[in-house]
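The values are calculated or read from the model by the stated rules, or taken from the named source; none is laboratory data. Source: prediction; values computed, not measured. Positions of Cβ are backbone-derived with ideal geometry, glycine not excepted, and every protein chain shown enters the neighbour counts. SASA here: full protein model, heavy atoms, side chains in, ligands and nucleic acids out. Shrake-Rupley method; radii C 1.70, N 1.55, O 1.52, S 1.80 Å.
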Amino acid sequence: MSATVRFAPSPTGLIHIGNARTALLNALLARRQGGTFVLRFDDTDAERSRREYADQTEADLRWLGIEPDRVVRQSERLALYEAVAERLKAEGRLYACYETAEELERRRRVQLGRGLPPVYDRAALALSPEDRARLEGEGRRPHWRFRLDARVVAWEDAVRGPSHVDCASLSDPVLVREDGSYLYTLPSVADDVDLGITHVVRGEDHVTNTGVQIQLFEALGGPVPVFGHHNLLTTASGEGLSKRSGSLSLRSLAEDGIEPMAVACLAVLVGSSDSVRPLPDLDALAALVDLSHISRGPARFDEAELETLNGKVLHALPFAEAEPRLRALGIEADEAFWLAVRGNLTRLADAVRWRGIVEGPLVPRIEDEGFAAAASRLLPEEPWTGATWAAWTAAVKAETGLKGRALFLPLRLALTGLDHGPELAGLLPLIGRERALGRLAGEVV
Ligand code: GLU
């Protein structure tokens, strides 16, 4: 059976690398199975949801390389929720409650004081039609609770294995507020049924919800999907990530020059039995995705690891992929340039600097003019290849008796003005003989 999965963010902020973990696990499962990936915006909370966050989420997913097969917005599907709510009311599974928040809080305290679990006592189920008419006559509007079956709901979690929630210890959840707006549960399950979702892959903060949701799936007669609850990404110090803080948002990572594949590899592989490593594309990552490899402990996100991974992704990036991006940075380069510098990049934009070193002008650093003059005399005639550097430095070594750092550093300082940088064997042919001679003579070229 091919999978239909969904990523269901509420558009209340910028998505972060932890949300990317959920999105990628879903999208890559669909990719591997030729399934369908639905992007569903849980935007029934009109106060907090913003269209620009939804649009930015789509842009962020595109940046990661994910194109949803379908995009739906809960705010446009209220008729479905209405129909589902009416059906549940008719069947007696959704019942009207009139308690105020203060009344509920008072009862809760009494229960706790008696050592009882603070579970809703279902007093509203005992209300007669007359009671309800009287309450409504006083101006009260009902909120609506889902009547749970008092039983243990069990499922085979694709990540966590055999799992269960004892619904007997839960309050009947409120599905519809007094003002008629929906909390997350009913729209989510109604949509999962309507959209034919086969696998619900999401963070383990939703495990308790799953007991209630399975009962709701059953009440609606929909097939119960496979559930998989993955561990959550935390910061290196163990704190949860938040859409509100904006740190580690995909947008800020993109703006900081982090490669989408670095984000994808870390988001998917951290906290799993697969080692975090750079992979060339999402297909390669999809081939690795296996929900049963995800570990139970928290997945700590380490920014230093992302930096390292970013470098590794760039070091392996083929020229064909780099070329259009280099052009966007104003660099018209050939493959030789890319191969010479990519191993030194931590950000693609660092290439601009190395382009400047090749093309100049730069101020060479000459500390020993005699040495520079000797090196200059020994510089081979063109054409130059990747072997020219070795041949030249062997000749300079033979004549000056210098070797190692004492030989290479002055040449690097003269040719690039810097004491570090990409391998000179690759850079030298790009610099070319004329410019190299000029720099060895101390000219700004
Ligand atoms: N909007 C919910 C969230 O962002 C979706 C949870 C789910 O996947 O069911 O947590």
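With respect to Asp166, determine if the residue is touching a residue at least 60 places away in the same chain (Cβ under 8 Å), over 26 Å from Ser75 (Cα atoms) and acidic (Asp, Glu). Here the answer is no, as Asp166 does not meet what is asked.
Would segment 369-377 turn up any residue that is at pLDDT 95 or above, over 30 Å from Glu259 (Cβ atoms) and touching an Asp or Glu at 6+ places or on another chain (Cβ under 7 Å)? Yes, the conditions are met somewhere in segment 369-377. When residues in segment 1-21 are screened for being closer than 15 Å to Ala158 by Cβ and surrounded by fewer than 22 Cβ atoms within 10 Å (Cβ to Cβ), 3 of them pass. You will find that of Asp60, Asp55, the residue that is open to solvent by less than 40 Å² (accessible area, probe 1.4 Å), more than 14 Å from the ligand (Cβ to nearest atom) and at pLDDT 95 or above is Asp60 and no other.
Being within 12 Å of the ligand (Cβ to nearest atom) and not aliphatic (A, V, I, L, M) is the filter here; which residues of segment 222-236 pass it? Passing the criteria: Pro225, Phe227, Gly228, His229, His230. Consider segment 192-221 and keep the residues that are more than 24 Å from the chain's Cα centre (by Cα) and open to solvent by less than 10 Å² (accessible area, probe 1.4 Å). The one that is farthest from the ligand (Cβ to nearest atom) is Gln215.
Checked against (1) of a type in the set (Val, Ile, Thr); (2) away from the ligand (no atom under 14 Å from the Cβ); (3) over 20 Å from the mean Cα position of the chain (by Cα); (4) open to solvent by less than 10 Å² (accessible area, probe 1.4 Å), Val263 passes all but a single condition, namely (3). Restricting attention to segment 350-372, the residues being free of Cβ contacts under 8 Å to residues at least 12 places away in the same chain and over 14 Å from Leu418 (Cα atoms) number 3.
Among the helices (runs of 4 or more DSSP H) confined to segment 268-339, the ones with at least 2 residues that are open to solvent by 50 Å² or more (accessible area, probe 1.4 Å) and under 30 Å from Gly360 (Cα atoms) are located at 303-315, 319-328. Gln33 meets the conditions (1) touching a strand residue (DSSP E or B) at 6+ places or on another chain (Cβ under 6 Å); (2) polar (S, T, N, Q); (3) at pLDDT below 95 in every case but one. The failed one is (1). Scanning segment 269-277 turns up no residue that is in contact with a Phe, Trp or Tyr (Cβ under 8 Å, 6 or more places away or on another chain) and over 30 Å from Ser237 (Cα atoms). Listed by first and then second residue, the pairs with beta-carbon distance under 6 Å, at least 6 apart or on different chains, first residue in segment 74-93 and over 20 Å from Arg51 (Cβ atoms) and in contact (Cβ under 8 Å) with a residue 24 or more places away in the chain, second of a type outside the set (Ser, Thr, Tyr) and in a loop (DSSP other than H, G, I, E, B), are Arg93/Arg147. The number of residues in segment 222-259 that are of a type in the set (Lys, Arg) and loosely packed, with under 14 Cβ neighbours inside 10 Å comes to 1. The criterion of at least 3 residues that are among the polar types (S, T, N, Q) is met, among helices (runs of 4 or more DSSP H) falling completely within segment 166-256, by 207-219. With the structure loaded, tell me whether Leu39 is open to solvent by less than 20 Å² (accessible area, probe 1.4 Å) and more than 14 Å from the ligand (Cβ to nearest atom) or whether it fails that test. So Leu39 fails the test.
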